Amino acid sequence: MSIPVRKYDAVIVGAGGAGLRAAIQLSEAGLKTAVLSKVFPTRSHTVAAQGGVSASLGNSEQDHWHWHMYDTVKGSDWLGDQDAIEFMCRKAPEVVVELEHFGMPFDRTDEGKIYQRPFGGHMSNFGEKPVRRACAAADRTGHAMLHALYQRNVRAQTQFFVEWMALDLIRDEEGQVLGVIALEMETGEVVAFHAKATIFATGGAGRIFYSSTNAFINTGDGLGMAARAGIQLEDMEFWQFHPTGVAGAGVLITEGVRGEGGILRNSAGERFMERYAPNAKDLASRDVVSRAMVTEINEGRGCGPNKDFVTLDITHLPPETIMKRLPGIREISIQFAGIDPIKAPIPVVPTCHYQMGGIPTNYKGQVINDTGATVTGFYAAGECACASVHGANRLGTNSLLDLLVFGKSSGDTVIEDMASMPKAHKELPANFADKTLARLARLENQTNGSSVNDTRLAMQRTMQNHCGVFRFKDKLEEGVQKILEIEKQVAITEIKDKSKVWNTARVEALELDNLIEVAKATMICANARKESRGAHVRDDAPDTPEMPNGRNDKEWHKHTLWQRDGNKLSYKPVNMTPLSVETIALKTRSY
Amino acid sequence: MEREALNRLQWRCTRRALLELDLILGKFLAEEFPGLSEDDKQVFAVLADMEDHDLWPLVNGTEECEDARQAAVVAMLRKSEVRRPQ
């Protein structure tokens with residue numbers, strides 16, 4: 001069966017920061033570029049980023065990209081690739097100044113330079129003392145960035161396909177990527193976007209967890225498509241958690257609440273952080289606080305009927321302080337927890353925040369296959385990609401930097417690669433749409449199947465309970481079996497609405513097809529990695545004098561690669577060869 | 001409202017940039033929207049088309065809504081409580 005085919009030089013899937021930045025490069029170079037997005041571009045989840053974007057501009061004090069590189073390698077717990085990290089940190093000042101020229105309304109110093117503020121983990125002189133490196137636009141950095149990038153794309157006449165969902169990659173027998181198949185929600189039409197280059201910028205998949213700060217849109221569509229097309233996923237066991245998401249809802253309670261004197265308490269009302277971090281207490285680092293919270297819950301000191309959360313108490317603060325210094329927090333607590341924090345403590349749990357792993361790429365944005373070679377015609381950037389600059393844990397403000405640097409570099413690489421490609425599009429293989437159409441037909445005709453909502457919920461609860469912020473051998477092993485059982489339910493999802501036009505039930509079922517791939521990869525990779533490193537912390541790999549923080553460099557200083565077929569795992573070495581400077585040698589990560 | 005229009009509105013309410021608005025608009029659409037007057041339904045659809053950083057301060061009460069017709073619907077959104085079992 002054939003479907004309509006539209007030809008472009010390049011197709012970009014996703015219109016968040018990375019997709020829009022890549023699109024600017026391509027459109028300004030005169031390439032015919034299509035950008036597909038499930039939502040209007042300025043509705044992408046990049047909008048939610050508040051903290052800032054890091055660059056060693058040195059506007060407030062002396063700074064250097066090499067120091068930024070050191071902080072990023074250390075933050076990654078030495079799992080980040082040092083060539084990619086050098087590339088990103090060296091490029092940071094350039095892409096930030098470019099963004100300024102695109103019209104980004106950065107906060108400014110009295111002299112009119114971009115104002116820079118300190119941010120956790122950013123230090124001067126190779127970890128010596130904090131440095132002001134984060135550039136921000138009030139608390140709306142992601143929002144302002146996305147608007148500046150979108151406007152630039154309008155100027156460059158990028159062609160947007162809004163409320164379209166990409167369904168599958170098109171690959172030929174040689175493994176070359178020739179575009180994507182996509183669904184237009186408004187018509188229900190399935191169309192092939194035949195392109196010489198395909199860039200994935202589809203964001204993360206934080207919705208695999210029950211408690212997630214991610215908006216509903218983050219369903220890992222790019223990862224699902226890549227996995228189904230035989231591309232491996234890298235380092236999927238590494239997810240960053242934020243300690244204080246509202247229990248149940250996931251909505252973030254900013255760290256500023258603890259900064260203003262908020263106290264974490266268990267069911268006995270005890271300020272338990274005094275036992276785990278006697279000095280820093282509630283202001284200890286994110287991972288220390290998150291693990292302490294989970295330990296309290298696991299040892300039966302959680303709150304509520306199911307003893308499955310702890311509380312964040314600000315009842316001792318004067319109401320005026322809460323209203324003045326923590327705007328919006330009272331309203332968030334009332335709306336999402338049914339609690340007025342002036343009168344009662346807020347229920348909180350560690351909540352999934354950011355995906356460090358993804359589609360394996362090099363620092364040019366080219367996707368890498370299982371032999372280490374590039375996949376012709378396929379590129380990825382942003383949270384869906386793993387370059388790998390975040391390694392086992394991401395440094396704050398490096399996510400927005402990642403979007404800008406790798407969005408731009410993937411665009412530049414497409415332009416370079418295209419120069420050596422034949423002028424004509426490579427022919428699409430016969431029956432290239434068969435698998436996608438069969439998947440749609442299966443969904444259409446399924447009877448006595450499973451509910452999309454119930455299956456998604458079962459997956460999210462399994463991920464939360466078996467593969468959360470603090471991991472246990474038995475729970476992980478059981479989690480692998482459970483998630484493989486849930487996969488069987490995903491294979492038989494049934495929708496009642498069979499209509500063609502604006503069928504959101506169909507789209508949600510297709511999103512679940514992508515989520516389950518990420519969930520499987522995460523659980524299986526986490527079960528296999530028998531050490532603690534960065535955000536992956538196992539109870540059976542504790543901190544010992546021989547292995548500080550439970551990290552086992554001898555056996556586990558390597559990237560995990562998960563292959564969908566047969567759930568096979570393989571490993572590849574971490575790149576320890578920066579582009580121009582000396583290797584930042586392995587060292588214990590301590591702050 | 002016809003199924004198509006309602007589904008489109010549902011998509012625009014539950015695929016937002018901010019999780020906060022996914023939760024509040026999604027619940028409101030399912031529970032409160034069917035009982036609204038036709039005028040208020042139109043107002044809600046206009047609000048749902050706003051940018052997240054313009055709408056969220058109105059819904060969480062850190063900014064006041066200047067449009068009187070919108071203010072009534074915003075007041076309903078503010079009262080909306082979204083809780084799931086943990």
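The values are calculated or read from the model by the stated rules, or taken from the named source; none is laboratory data. Here the structure is a predicted model, which means the values were calculated and not measured. Glycine also receives a Cβ, built like all others from the backbone with ideal geometry; neighbour counts cover every protein chain displayed. The protein model used for the area step is the full one, side chains on, heavy atoms only, and it has no ligands, DNA or RNA in it. Shrake-Rupley method; radii C 1.70, N 1.55, O 1.52, S 1.80 Å.
Some notes on this structure:
- Condition met for residue B:10 (away from chain A (no Cβ under 12 Å) and open to solvent by 10 Å² or more (accessible area, probe 1.4 Å)): no
- Here segment A:17-36 is the region considered, the condition is being open to solvent by 10 Å² or more (accessible area, probe 1.4 Å) and among the small types (Gly, Ala, Ser), and the residue that is nearest to the other protein chains (Cβ to nearest Cβ) is A:27.
- None of A:289, A:257, A:310 is more than 14 Å from chain B (Cβ to nearest Cβ), open to solvent by less than 50 Å² (accessible area, probe 1.4 Å), more than 26 Å from residue A:205 (Cβ to Cβ) and not in a loop (DSSP other than H, G, I, E, B) except A:257.
- Of the residues making up segment A:491-499, none is surrounded by fewer than 24 Cβ atoms within 10 Å (Cβ to Cβ), under 22 Å from the mean Cα position of the chain (by Cα) and either more than 14 Å from chain B (Cβ to nearest Cβ) or polar (S, T, N, Q) (or both).
- Test: residue in segment A:525-538 that is of a type outside the set (Asp, Glu), buried (at least 18 other Cβ atoms within 10 Å of the Cβ), in contact with a helix residue (DSSP H, G or I) (Cβ under 8 Å, 6 or more places away or on another chain) and in a helix (DSSP H, G or I): yes
- Summed over segment A:539-570, residues that are surrounded by 13 or more Cβ atoms within 10 Å (Cβ to Cβ), under 23 Å from the mean Cα position of the chain (by Cα) and either in a strand (DSSP E or B) or among the polar types (S, T, N, Q) (or both) total 8.
- Among the candidates A:487, A:478, A:444, residue that is under 30 Å from residue A:288 (Cα atoms), open to solvent by 20 Å² or more (accessible area, probe 1.4 Å), assigned to a helix (DSSP H, G or I) and acidic (Asp, Glu): A:478
- Only residues that are touching a residue at least 60 places away in the same chain (Cβ under 8 Å) and open to solvent by less than 50 Å² (accessible area, probe 1.4 Å) were counted across segment A:138-159, and they come to 10.
- Within segment A:163-217, being among the polar types (S, T, N, Q) and open to solvent by 10 Å² or more (accessible area, probe 1.4 Å) holds for A:176, A:187, A:202, A:213.
- Residue pairs whose Cβ atoms lie under 6 Å apart, separated by 6 or more positions or on different chains, with the first residue in segment A:575-590 and more than 19 Å from residue A:552 (Cβ to Cβ) and the second part of a loop (DSSP other than H, G, I, E, B) and open to solvent by less than 50 Å² (accessible area, probe 1.4 Å), are A:575/A:81; A:583/A:576.
- As a summary of the residue check, residue A:345 satisfies the conditions (1) touching a strand residue (DSSP E or B) at 6+ places or on another chain (Cβ under 8 Å); (2) open to solvent by 40 Å² or more (accessible area, probe 1.4 Å); (3) under 19 Å from residue A:469 (Cα atoms) except for the one numbered (3).
- With respect to the stated conditions, residue A:253 fails to be among the β-branched types (Val, Ile, Thr) and at pLDDT 95 or above.
To keep it simple, each residue is scored yes or no on (1) in contact with a Ser or Thr (Cβ under 6 Å, 6 or more places away or on another chain); (2) outside any strand (DSSP E or B); (3) away from chain B (no Cβ under 12 Å).
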residue	(1), (2), (3)
A:315	no, yes, yes
A:323	no, yes, no
A:327	yes, yes, no
A:330	no, yes, no
A:333	no, yes, no
A:336	no, yes, no
A:342	no, yes, yes
A:348	yes, no, no
A:352	yes, no, no
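- Boolean, residue A:283 is on the phi < 0 side of the Ramachandran plot, open to solvent by 20 Å² or more (accessible area, probe 1.4 Å), away from chain B (no Cβ under 14 Å) and of a type in the set (A, V, I, L, M, F, W, C): yes
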